[in-house]
1. Looking at segment 273-314 only, could you name the residues that are crowded, with 22+ Cβ neighbours inside 10 Å and among the hydrophobic types (A, V, I, L, M, F, W, C)?
2. Which pairs have Cβ atoms under 9 Å, sit 6 or more apart or on different chains, and link a residue in segment 362-377 that is closer than 17 Å to residue 316 by Cβ to one that is of a type in the set (Asp, Glu)?
3. For the condition in a helix (DSSP H, G or I), without any contact (Cβ under 8 Å) to a residue 60 or more places away in the chain and more than 30 Å from residue 228 (Cβ to Cβ), what is the one hit in 3, 29?
4. Within segment 292-299, is there a residue that is at pLDDT 85 or above and more than 26 Å from residue 36 (Cβ to Cβ)?
5. I'd like to know if segment 270-286 contains one or more residues that are assigned to a loop (DSSP other than H, G, I, E, B), among the small types (Gly, Ala, Ser), at pLDDT 90 or above and closer than 20 Å to residue 31 by Cβ.
6. Take the residues in segment 1-50 that are of a type in the set (A, V, I, L, M, F, W, C) and out of contact with any helix residue (DSSP H, G or I) (no Cβ under 9 Å at 6 or more places or on another chain), then tell me which one is modelled with the highest pLDDT.
7. Here are 345, 329, 405: which of them is surrounded by fewer than 17 Cβ atoms within 10 Å (Cβ to Cβ) and under 30 Å from residue 54 (Cβ atoms)?
8. Tally time: how many residues in segment 9-44 are surrounded by 20 or more Cβ atoms within 10 Å (Cβ to Cβ) and either on the phi > 0 side of the Ramachandran plot or under 17 Å from the mean Cα position of the chain (by Cα) (or both)?
Amino acid sequence: MPAWAEKWIKIGLTAEPADRPLAEAAVRAMYDVAKIPQAPIIWVDSPITGAFAASLSDTMIRAINEKKEEIQTFYHRAQVEGSPLLHVPGTMRLQASLKDGCERLLKGATIVKDKKINEKIKQAVVGAICAVLRLEAPLGENIVQEARADTGQVASKLLEKMTNQVSQKAAAEVYWLGPKLRGKVMKKHDATDQQLADEIERQMKLPHVVIPKDFQAVLPVPGELQQAVQGALPGGKNDVKLQWHGWFGGQFWSAWASYTSFLVEVCKMELDQEIMERQLAYSNLCRSACYIWPNKNFVMICERPVRVCLNQEGRLHKDGDMAIEFPDGWGLWRLNGVSVPKWLGKTKAEKIDPVRFAKLDNVELRREFIRKVGIERIVDKCETQQVDSVGNYELLKINLGGRTGFWPYLKMKNPSIGVFHLEAVPLETESVTEALKWRNGTSSLPRELT
């Protein structure tokens, strides 16, 4: 049992790159066993990117879906009536239009203060929208006119372009001609539907058609898309509250996976096949990646952290840097498991002004400040007067400056971790006994400070 626990603790704290093939296979297996249609998978580089991107994508996709017909009609008309992209297959045009429109609508949006993370979130949102929403292109007007003249001739010409020039554009055009014209192509060239489908699929895997640089300057953004995208942003015109998306913790939620996999792999427990498939899928997800945001329209999976630092007690800790950091640069500042501001975690102790101690309200933050900066520097720098002392306890008056002036603090040592504490007591306190009576409801000295 200890070895098994150690194995899964290591999985939970690993900073190795995610096993993307295993993670994606696990997600597909989870959707299959839950009898949910497969959804596109989008990878993100940190939990904060995934949390915001999944939440925004879900809201925007639902809003866009409600106006999907109007949006694709708008784009089709705009492109047929003078777009320089008429040579690009209809489906490509619409998807490129959707991507461009979303990018422009999100360009000036501030979702989080960190500029780099802000851009990562927007990229993930656009990626999810474009992966999920496949706008369907009607037959282009130029092809319709040619088809009316001689459908068989047009279809044959397109097939010839597809096979002779290895043209992705032609392959797409043949595909979107519809079953009647495809039938004419097959009959004329003595080909089966499967042969034509295989050739089209092969052509569609070739490099994408290059979109002209002037594309963004030409196409407008439909109002329905603008309302769906910008209307979902918190703090926007509609003052929308972000609807947080549900998630799984992946490697950070390894406890349950370690328990069930022990029963299956070590104890050889056998259950119904469906339950075993669920257990394996969830265990593999925990083994291979970090957070996951499952959705009926998409799945977002988070990369593993690039660094996880702990102290001897197993708490997140790193003096001078983030205790845990992800590939996009986001992470957490922790000292001995306590969440601290960046300036306290990053700045060297000798460069921190001890007077800043007076501005900290949180007891745990003050403790870590004292542990890092040193009680002696704080007492020396802050103009301190000793009022009383009993054993390891001292009553000090520390000058907090401004209108506050001197305020009494009880200085005490925690024997279990060997760290001094400074705790504010009422202004009228004049002795250690009074301070302890106020703090503990008794004047007796505690056997151990907790």
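1. Scanning segment 273-314 gives 285, 286, 289, 290, 292, 293, 298, 299, 300, 301, 302.
2. Final answer for the pair search is 372/319.
3. Working: 29 fails: without any contact (Cβ under 8 Å) to a residue 60 or more places away in the chain.
On inspection, the qualifying residue turns out to be 3.
4. We begin by selecting, within segment 292-299, every residue at pLDDT 85 or above; these are 292-299.
Keeping just the survivors that are more than 26 Å from residue 36 (Cβ to Cβ) gives none.
Within segment 292-299 (the criterion being at pLDDT 85 or above and more than 26 Å from residue 36 (Cβ to Cβ)), the answer is no, since none of the residues qualifies.
5. As a first pass, look at segment 270-286 and keep what is assigned to a loop (DSSP other than H, G, I, E, B): 270-272.
Keeping just the survivors that are among the small types (Gly, Ala, Ser) gives none.
Within segment 270-286, none of the residues are assigned to a loop (DSSP other than H, G, I, E, B), among the small types (Gly, Ala, Ser), at pLDDT 90 or above and closer than 20 Å to residue 31 by Cβ.
6. 15
7. Values: 345 fails: surrounded by fewer than 17 Cβ atoms within 10 Å (Cβ to Cβ); 405 fails: under 30 Å from residue 54 (Cβ atoms).
Answer to the check: 329.
8. Residues flagged as surrounded by 20 or more Cβ atoms within 10 Å (Cβ to Cβ) and either on the phi > 0 side of the Ramachandran plot or under 17 Å from the mean Cα position of the chain (by Cα) (or both) within segment 9-44 amount to 5.
The values are calculated or read from the model by the stated rules, or taken from the named source; none is laboratory data. Here the structure is a predicted model, which means the values were calculated and not measured. We place every Cβ from the backbone using ideal geometry, glycine too, and count neighbours over all the protein chains shown.
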